[in-house]
Amino acid sequence: MRYFDINAWLGEWPFRSLRDNTPDALIARLERAGIGSAAVSQIEGMFHRHPQPANEKLAVAVAPHPDKLVPIATINPRFPKWEVDLTRCQEDLGMRGVRLFPQYHDYPVDGPEGRRVIGACRERGLPVFIPHRVEDVRQRNWMDPGRVVDLNQVANVISSEPEATVVIPNARSLASTPLLNRREIRDQSWYFDLSLAEVHYVLHQSVDRMTDLAEFIEQGGEQHLLFGTHAPFSYPSAARVKSAVLPVNAETLEDICYNRAAQILGL
């Protein structure tokens with residue numbers, strides 16, 4: 001089984017140490033878990049008003065590892081001339097997707113800024129990554145806004161951009177997501193990853209409810225799953241365990257762990 005991590009990071013998190021988070025260290029960390037390659041973004045980009053210097057840094061960092069690390073740009077649609085950054089990231093730096101951080105750059109994802117940038121990415125054939133969260137809000141630093149993205153807003157913009165590809169890493173409570181419950185977008189190109197999804201959700205309350213991922217799959221959600229680790233914030237092996245217990249056949253598991261990501265990113 002091949003594994004492609006759709007959700008990994010390089011750089012520095014300002015609120016706690018992520019230890020050695022260089023490209024070589026990340027590759028070694030993933031390889032210990034049997035993961036061959038990953039899509040990566042630069043952490044600093046979510047905190048910069050103008051993320052382009054972080055994108056430039058990312059491009060330099062991944063250049064020696066073209067078979068291992070696939071760069072994903074960060075764009076802030078509230079910064080003037082973000083379109084210029086988008087063009088450079090795709091055409092000059094070879095980036096294969098765009099990450100948006102509405103909760104850090106302070107705009108509603110289904111507002112005019114979010115819709116414009118997602119529309120621009122759709123026109124360019126670039127998938128859009130909108131992390132539901134980065135850290136658990138219960139452990140946030142007091143300087144971190146600690147907000148999650150409203151999945152109803154994500155569903156709204158997917159509905160208005162039916163040809164866009166949208167990935168929502170780091171989501172939880174998948175079985176009750178409005179994306180699956182909104183029938184007009186049920187079969188569109190939107191995806192969750194395994195990184196923070198719960199196999200044994202609300203375990204502390206009832207062992208009869210240890211079924212979040214299973215319920216999501218039972219409702220037809222398997223076509224919307226991707227393999228992702230959220231490394232180095234999370235241990236990569238945790239996602240491997242989740243993939244090993246998914247109630248899907250071998251062909252679907254291969255799609256989740258590798259094939260879908262390869263198609264989305266044009267690998």
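Annotations for the structure displayed:
- Just one of the listed residues (E135, E198, E161) is modelled with pLDDT of 90 or more and of a type in the set (D, E), namely E161.
- Members of the stretch 112-146 that are without any contact (Cβ under 8 Å) to a residue 12 or more places away in the chain and more than 21 Å from L267 (Cα to Cα): P112, D136, V137, R138, Q139, W142, G146
Rundown of residues vs (1) among the β-branched types (V, I, T); (2) surrounded by fewer than 23 Cβ atoms within 10 Å (Cβ to Cβ); (3) outside any loop (DSSP other than H, G, I, E, B), yes/no style:
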{"position": "P80", "(1), (2), (3)": "no, yes, no"}
{"position": "E83", "(1), (2), (3)": "no, yes, yes"}
{"position": "C89", "(1), (2), (3)": "no, no, yes"}
{"position": "Y104", "(1), (2), (3)": "no, yes, yes"}
{"position": "Y107", "(1), (2), (3)": "no, yes, no"}
{"position": "R116", "(1), (2), (3)": "no, yes, yes"}
{"position": "G119", "(1), (2), (3)": "no, yes, yes"}
{"position": "H132", "(1), (2), (3)": "no, yes, no"}
{"position": "R138", "(1), (2), (3)": "no, yes, yes"}
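- V60 meets the conditions (1) at pLDDT 95 or above; (2) part of a loop (DSSP other than H, G, I, E, B); (3) not polar (S, T, N, Q) in every case but one. The failed one is (2).
- Any hit, the stretch 244-267, residues being out of contact with any strand residue (DSSP E or B) (no Cβ under 6 Å at 6 or more places or on another chain), modelled with pLDDT of 95 or more and β-branched (V, I, T): yes
- The residue list L267, L213 contains one member that is over 14 Å from A38 (Cβ atoms), among the aliphatic types (A, V, I, L, M) and either part of a helix (DSSP H, G or I) or out of contact with any Cys (no Cβ under 6 Å at 6 or more places or on another chain) (or both), which is L213.
- Contact map, the stretch 1-19: first residue touching a residue at least 12 places away in the same chain (Cβ under 8 Å) and more than 22 Å from P53 (Cα to Cα), second residue assigned to a loop (DSSP other than H, G, I, E, B) and aromatic (F, W, Y), Cβ cut-off under 6 Å, separation 6 or more or different chains; pairs are Y3/F227.
- Members of the stretch 234-267 that are among the basic types (K, R), under 19 Å from E31 (Cα atoms) and out of contact with any Gly (no Cβ under 8 Å at 6 or more places or on another chain): K242
The values are calculated or read from the model by the stated rules, or taken from the named source; none is laboratory data. Since the model is a prediction, treat every value here as computed from it, not as a measurement. Neighbour counts run over all protein chains shown; Cβ positions are idealised from the backbone, glycine included.
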